[in-house]
Structures are given as structure tokens and as C-alpha cells.
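Below: the structure, in C-alpha cells.
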Amino acid sequence: MRSAPRTAARRTTLPFYHQSFHNLQELRHNASLSNKVFVQRDYTEGTVCKFQTKFPSELDSRIERTLFEDTVKTLNNYYAEAEKIGGQSYLEGCLACATAYLIFLCMETRYEKVLKKISHYIQEQNEKIYAPRGLLITDPIERGMRVIEISIYEDRGSSGSSSGSSSTTCSSGR
């Protein structure tokens, strides 16, 4: 997509949401937190870990609805995979009982492996899709698996940007 690397001088002339950040630390350093959006858990199918795919209106000018929905659906699929009970989970449970749970000092559970996969996916999405748009997804594990937190950043040089944060709750109809 980019034909040549951007210089610092050229990058400052571009609108904030078109800037390409080299890493997530650069986004946090060069921009100020403007707002936070919280995507709530979806309890319509019980207590399985699933998040709502309702598009928050605060993200309208930042990201396409389909990109957001694809991210949440992929996260939901990963969490469903993590919670799926199969032969491997059964074997892990038997080994845990047989070794007084000491086996978990030597190996990761399937659930932990999927959680790592989710963390890598979120980091990849932040680097490729969200950070260039001034957004940053926080891993739900850091928020107790209750919400997906999306931080909205503004250019520090823009006038009229507020440094306070507010929240939006997407609620499910029960």
C-alpha cells in the first residue's frame, strides 16, 4: 500500500487517522486518549464468553462496520474454541488429578494456548487495522473478560480535543 517510507516531517502533515504508527507504543506516545468505548458481553446464550457485535456509534468515522464486526466475531470464535470440551481437555483433567495438579507447572493447558492465540490476534489487529486509525483494543483478559475496551486517540496537536474519557455501553436486550 505504501510506496515509500514516510519521513517525520511528512507524517505530521497527514490527518491523524491516516498516520501509520510503527508500533503501539508510538501511538500511545504521540497521541492523547480522547475516549473509550466498551463492548459488553453477550449473555443471550448463557454464560459462554461471547461479546456483542453491535457497532458502537463512536467508531463511525474511525473504522468500517465490517472490520469491527469481523474482529469481534473472530474473538468470539476463539473464545468458543477455548471453552470447547473435548478429548484434550478431558486428558488434561485426568493428568491434573493424577499429579495433584503439578502437571500444570510443566505444561500449558489448551485454554491457555488459545488465550495466547487471542492475545496475538488482538496485537496483530491493533498493529494492522486499529492503530493506524487512532484506535487501540485492550485484551479482554485485562478487563476480567467482561468487556472489550477500545481506546480512541486524538492527535496531540489538534485543537479542541478533550483528554477526558467517557464510556459507551452496548447492552443486550434480555
Every residue from the range 94-110 that is surrounded by 14 or more Cβ atoms within 10 Å (Cβ to Cβ) and either assigned to a helix (DSSP H, G or I) or charged (D, E, K, R) (or both): 95, 96, 103, 110
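Listed residues 131, 98; which is closer than 30 Å to residue 32 by Cα and small (Gly, Ala, Ser)? Please lay out each step first, then the result.
Details: 98 fails: closer than 30 Å to residue 32 by Cα.
Of the residues listed, the single one that is closer than 30 Å to residue 32 by Cα and small (Gly, Ala, Ser) is 131.
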Failed criterion for residue 88 (all others in (1) in contact with a Lys or Arg (Cβ under 9 Å, 6 or more places away or on another chain); (2) buried (at least 17 other Cβ atoms within 10 Å of the Cβ); (3) not acidic (Asp, Glu) hold): (2)
Meets criteria (in contact with a helix residue (DSSP H, G or I) (Cβ under 7 Å, 6 or more places away or on another chain) and part of a loop (DSSP other than H, G, I, E, B)) for residue 129: no
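Can you find, within the range 111-126, the residue that is surrounded by the fewest Cβ atoms within 10 Å (Cβ to Cβ) among those that are over 25 Å from residue 93 (Cβ atoms) and touching a helix residue (DSSP H, G or I) at 6+ places or on another chain (Cβ under 9 Å)?
123
Values in this text are rule-based calculations from the coordinates and carry no lab data. Nothing here was measured: the structure is a model prediction, and the numbers come from that model. Cβ coordinates were reconstructed from backbone atoms using ideal geometry, including for glycine residues, and neighbour counts include every protein chain displayed.
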